[in-house]
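This report concerns only the one structure given below.
The values are calculated or read from the model by the stated rules, or taken from the named source; none is laboratory data. Just so it is clear, the model here is predicted, and its values are computed rather than measured. No Cβ is skipped: glycine too gets one built from the backbone with ideal geometry, and neighbour counts run over all protein chains shown. Keep in mind that these areas ignore ligands, DNA and RNA; they rest on the heavy atoms of the full protein, side chains included. Shrake-Rupley method; radii C 1.70, N 1.55, O 1.52, S 1.80 Å.
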Amino acid sequence: TIYINKRINPKGLKKDQYDVIIIGAGIGGLVCGCYLAKAGLKVLIIEKNSKPGGYCTSFEKDGFRFDSCVHSLGSLREGGQLWIVMKDLELKKDLEIYLQQPANKIYLKEIEISLFSDENRIIEELSKKFPFERNNIKKFITDITDGNFISRYKKFRKKYTSFKDVLDGYFSDKILKTIFEIPLLNLGLSSKEIESFAAVTFFREFILDGGYYPRGGMQNFVNSLVKVFLQKNGLLKNSIPVSKILIRKNKAIGIELKNRERCFSRFIVSACDVLHTCLELIGKDKIPKKYLSYLLKPEPSLSMFIIYASFNGEIVEYCGKANAYWYWPINKEISHKNIDITLNLSSKTNGFFFTVPSQFEKDYAPRGYESIRIMSCASFRDVKYWIRNKSAIKNILLKSLNYLLPIDKIKIIEIATPFTLYKFTNNYKGACYGWKSSMDNIKKNG
């Protein structure tokens, strides 16, 4: 794909001058660039990697295709946030999005639950397993989906502190509460840690309205944004890291690239990690001490340990079809002490989730095989730790996976550690979701 648009901008700005420069071509940077270019501005997006997309990229190896990190899209119901973006940018002209159902399957040791992206089906499925909680299940799902962002904020943020408080307020059955907790592993937080409204929003937008997938894989979603950006006369440069943001009289005036090339702009948008922006690109000496202190207080979200592998056979024979499969040992309480796999090197089993896009996208794997990705939350540590422990952690996850799939049919193709994710994105400590949406972080920042 050719990403650099060489059209002459009609505004008459010099070659190295722009209305807006965006640092980072992840989804946030691309969407921002599309809207600004659509408004008629001369926009440059700079990306350090060889292709745009950030965590939302895909890659191929040994005849298999994998999505790097993102496994589905959410908030695509009519009026949802992503639905509005797709409508505004007319992405549906070249991009087909379909719903992989069930969006999630959850496994405890003796229980299997399918969660469809449909309120009535979720209520019915959970009520069959927990008939005495039927009314509570219906009220919980209805309260999450009714109203708008503000009304949900008032309903949950003011009444409940943590998501555990929410679950305790609606349900009495311990196993049912655990089922609602398990998808939070995607955020690396237990129900005791995560702030109530953050968890409710996650459920509304990504569990009750999740499981959407772009035909051809996640990279196609990125490519459709790139196409719109270029059609609107945007300019995208890849494989060129930004070394610093140029400051004059306390105002950002442009950027300098690693190759010493300079570009100037009225506005700079940094669509990358805020600490990397402030400490590396702007410079610690140029950041007010009070703001710097504020930035260094909160903790980042956990990162991920990811196994990309092939499976000899069809997953459907063992687990049926789903967008994502979640597993948690039922005899363990979900807490911050056991979500992070790096704290559980001695554990025989650990919580994880895996995805099998080749069930829906046949060109993701050769005939008779599946492309499978296994993920578990992990903290950053350092490169030496991962060199030393990568193999042991891989074995822990495979032992856990053996509860659902025969691991003798698995062949490891690639492994990504939190250090890998950090190198790829510059996200502080390889964080998957920026700052933790935890009660702790809220207290630290008043």
(request) Pick out the one residue from Ile330, Ile307, Ile282 that is surrounded by fewer than 21 Cβ atoms within 10 Å (Cβ to Cβ), β-branched (Val, Ile, Thr) and not in a loop (DSSP other than H, G, I, E, B). (result) Ile282
(message) Suppose we keep only residues that are part of a loop (DSSP other than H, G, I, E, B) and open to solvent by 70 Å² or more (accessible area, probe 1.4 Å) within the stretch 310-327. Which one would you say is farthest from Leu108 (Cα to Cα)?
(response) Glu314
(message) With the requirement that a residue be assigned to a helix (DSSP H, G or I) and closer than 17 Å to Ser72 by Cα, what does the stretch 85-101 give you?
(response) Val85, Met86, Leu91, Lys92
(request) Report whether or not Arg215 is charged (D, E, K, R), open to solvent by 20 Å² or more (accessible area, probe 1.4 Å) and at positive phi. (result) no
(request) Could you grab me the full set of residues in the stretch 245-279 that are assigned to a loop (DSSP other than H, G, I, E, B), closer than 20 Å to Leu235 by Cβ and either over 24 Å from the mean Cα position of the chain (by Cα) or at pLDDT below 95 (or both)? (result) Lys258, Asn259, Arg260, Glu261, Cys272
(request) Filter the stretch 78-90 down to the residues that are modelled with pLDDT under 95 and open to solvent by less than 60 Å² (accessible area, probe 1.4 Å), then identify the one that is farthest from Phe206 (Cα to Cα). (result) Gly79
(request) Would you mention how many residues in the stretch 201-221 are outside any helix (DSSP H, G or I) and aromatic (Phe, Trp, Tyr)? (result) 2
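Which of the residues spanning the stretch 96-113 are under 20 Å from the mean Cα position of the chain (by Cα) and not small (Gly, Ala, Ser)?
Result: Ile97, Tyr98, Leu99, Gln100, Gln101, Pro102, Asn104, Lys105, Ile106.
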(message) Condition first: closer than 12 Å to Glu261 by Cα and open to solvent by 60 Å² or more (accessible area, probe 1.4 Å). Now tell me which residues in the stretch 225-248 satisfy that.
(response) Lys244
(message) If I go through the stretch 207-237 residue by residue, how many of them are among the aliphatic types (A, V, I, L, M) and farther than 18 Å from Lys87 by Cα?
(response) 5
(request) Could you check how many residues of the stretch 339-384 are open to solvent by 20 Å² or more (accessible area, probe 1.4 Å) and outside any loop (DSSP other than H, G, I, E, B)? (result) 6
